[in-house]
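Here the structure comes first, spelled out in structure tokens, and everything after it is commentary.
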Amino acid sequence: MCLAIPGKIVELVPASESLAVVDVVGVRRRVDLGLLENDKPGVGDWVLIHVGFAMSKISEQDAMDQMKTLAMLGETDAALQEVRGYGLEDEKEIRSEERDKARAAGA
Amino acid sequence: MRFVDEFRNPELIRRSAEEVRRLADPTRYYRLMEVCGGHTHAIYRFGLKDILPSNIELIHGPGCPVCVLPMGRIDDGLSIAADHDVMFTAFGDMMRVPGAHGSPLEHKARGMDVRIVYSPTDAIKLAKANPDKHVMFFAIGFETTAPSTALVLQRVRREGLKNFSVFCNHVTIIPAIRAILDSPDMRIDGFIGPGHVSTVIGCRPYEWIAKNEKKPIVVSGFEPLDLLQSIVMLLRQLGAGEAKVENQYKRVVPWEGNTAALRAMAEVFELRPYFEWRGLGFISQSALRLREQYAEWDAERRFAIPGIRVTDPKAAQCGEVLKGVLRPAQCKLFGNECTPEHPIGALMVSSEGSCAAYYNYEHRKAALVTTLGATA
């Protein structure tokens, strides 16, 4: 809640107001970019996340440092648990969307 | 030393620690306060205070929103859920925090509909998925979480969602610092400013501390190197008789903060005339409530609130610890009656509270010392 979690934007969710899929050390979840309206990040950008909202854009190096800080604080598991928790059932949705895309690409 | 090998730039850490020793005037005593639970956690985890000269004391201020929330607010929130058949949603941090009649988790075990959410948007999802049920979000946190609650409320209002409300416990850090500075029994020389709160509010709100109170403040990152560099910056200012706001965490904290987040907060929230902080008592204009145009989604307006007040046991000396008058272990209850398993005082409630951090990490002490060489 108080310590930010760094993530990389891997996809902007089309037809949504401000959702993006971020990758946090391999865990992919949707986060809200609605609080970065002044400086909208794009795919490939790194952000710091609090309670499911990207709160600031940061460099890749700072993202790595922050991940390391969380590890040093023994907070990695708690952070990943939080990220996994975002969006309740979204994981299934994201997985099936990815599958659909892969199918479409293969077809 | 495994611990230190993991740190970024051990050589720079060593040099910063030397710089701290060089700058600390042996004829002075320095009391530096951090007001961020993450910093408190980091300071203990890294054993930072053990590599500082003995005349530098780090005081752990009211940086943990879970700790400073009065127990009565939890009871009020739970009583809404119980009396009106409301789904109680909150962040995981809140779930084990005891109210007078048990924690949210214990209420869940007794049959209350209590759900953990990791984001306020998930509370909205629950409301949409359960249209016949009212969903209340028990909002908590400083400025790292308040903008998200604000944005969610703006959307809810736009969509006209009916079965959702917020029980708002958001607090704001600046008035708490002011209350500590106004307190007659404390003497703080400088502040380590919060890291992630400042990504939202920026550095400007701290300017009065420097200008009016003549106290230096350095916004800091969370790594040992960040914290040591911030202490160096504070000592330099104190040595030169200066009081400025400086930003050690420039790589993440913009001076102006996140203006979109501040705008959302200003549109949705207004300051309460006063709010109670556990351990510090009532502080004027220190917390947020929903503005009139959001009354429909304000659980406090929508439901009758019992306004439960639970006084902390007199023997718990949280206030003195928060103000730096006492160290955690000097409290009469510390480690005996009051432990992280059975918290009595506010600061033992969450792992980021200074007493819990002290209790959990004291045995790790000297992690840095072994490598960096003992000090003073």
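The values are calculated or read from the model by the stated rules, or taken from the named source; none is laboratory data. As the structure is a computational prediction, the values presented were derived from the model and not from experiment. Cβ sites come from the backbone with ideal geometry, for glycine too, and all protein chains shown count toward neighbours.
Check the stretch B:30-47 and report whether any residue there is within 12 Å of chain A (Cβ to nearest Cβ), in a helix (DSSP H, G or I) and among the charged types (D, E, K, R).
Scanning the stretch B:30-47, I find at least one residue that is within 12 Å of chain A (Cβ to nearest Cβ), in a helix (DSSP H, G or I) and among the charged types (D, E, K, R), so the answer is yes.
Test B:Ile192 against the stated conditions and say whether it is outside any helix (DSSP H, G or I), under 30 Å from B:Glu11 (Cβ atoms) and not assigned by TED's automatic domain parsing to the domain that holds B:Ala139.
yes
Taking B:His170 and the conditions (1) under 20 Å from the mean Cα position of the chain (by Cα); (2) part of a helix (DSSP H, G or I), which numbered condition does it fall short on, given that it satisfies the others?
Just one mismatch for B:His170, condition (2).
When you check B:Ile177 against the structure, is it under 23 Å from B:Ala240 (Cβ atoms) and either outside any strand (DSSP E or B) or charged (D, E, K, R) (or both), yes or no?
yes
Does B:Glu292 satisfy being among the acidic types (Asp, Glu), in contact (Cβ under 8 Å) with a residue 12 or more places away in the chain and surrounded by fewer than 20 Cβ atoms within 10 Å (Cβ to Cβ)?
Here the answer is no, as B:Glu292 does not meet what is asked.
What do you reckon, is B:Lys323 basic (Lys, Arg) and surrounded by 18 or more Cβ atoms within 10 Å (Cβ to Cβ)? Don't jump to the end; show me each part of the working.
Details: basic (Lys, Arg): yes; surrounded by 18 or more Cβ atoms within 10 Å (Cβ to Cβ): yes.
The answer is yes for B:Lys323.
State all residues of the stretch A:10-62 that are assigned to a loop (DSSP other than H, G, I, E, B) and free of Cβ contacts under 8 Å to residues at least 12 places away in the same chain; if no residue qualifies, say none.
A:Pro14, A:Ala15, A:Ser16, A:Gly26, A:Lys40
Given the structure, is A:Asp32 more than 25 Å from B:His41 (Cβ to Cβ), surrounded by 17 or more Cβ atoms within 10 Å (Cβ to Cβ) and within 9 Å of chain B (Cβ to nearest Cβ)?
The answer is yes for A:Asp32.
Given the options B:Arg236, B:Arg251, B:Arg263, name the one that is of a type in the set (Lys, Arg) and more than 14 Å from chain A (Cβ to nearest Cβ).
The match here is B:Arg236.
Residue by residue through the stretch A:36-89, note down the ones that are facing chain B (nearest Cβ under 7 Å), of a type in the set (Gly, Ala, Ser), at negative phi and crowded, with 22+ Cβ neighbours inside 10 Å.
Scanning the stretch A:36-89 gives a single hit, A:Ser56.
With the requirement that a residue be assigned to a loop (DSSP other than H, G, I, E, B) and surrounded by fewer than 15 Cβ atoms within 10 Å (Cβ to Cβ), what does the stretch B:295-309 give you?
Of everything in the stretch B:295-309, those that are assigned to a loop (DSSP other than H, G, I, E, B) and surrounded by fewer than 15 Cβ atoms within 10 Å (Cβ to Cβ) turn out to be B:Ala304, B:Pro306, B:Gly307, B:Arg309.
Which one is surrounded by the fewest Cβ atoms within 10 Å (Cβ to Cβ), of the residues in the stretch B:37-56 that are in contact with a Lys or Arg (Cβ under 7 Å, 6 or more places away or on another chain) and over 15 Å from B:Glu362 (Cα atoms)?
Selected residue: B:Asn55.
Could you pull out the residue among B:Leu347, B:Leu280, B:Leu368 that is closer than 24 Å to B:Arg45 by Cα, at pLDDT 85 or above and out of contact with any strand residue (DSSP E or B) (no Cβ under 7 Å at 6 or more places or on another chain)?
Numbers: B:Leu280 fails: closer than 24 Å to B:Arg45 by Cα; B:Leu368 fails: at pLDDT 85 or above.
Criteria check complete, one pass: B:Leu347.
Taking B:Pro98 and the conditions (1) under 18 Å from B:Phe164 (Cα atoms); (2) surrounded by fewer than 21 Cβ atoms within 10 Å (Cβ to Cβ), which numbered condition does it fall short on, given that it satisfies the others?
The one condition B:Pro98 does not meet is (1).
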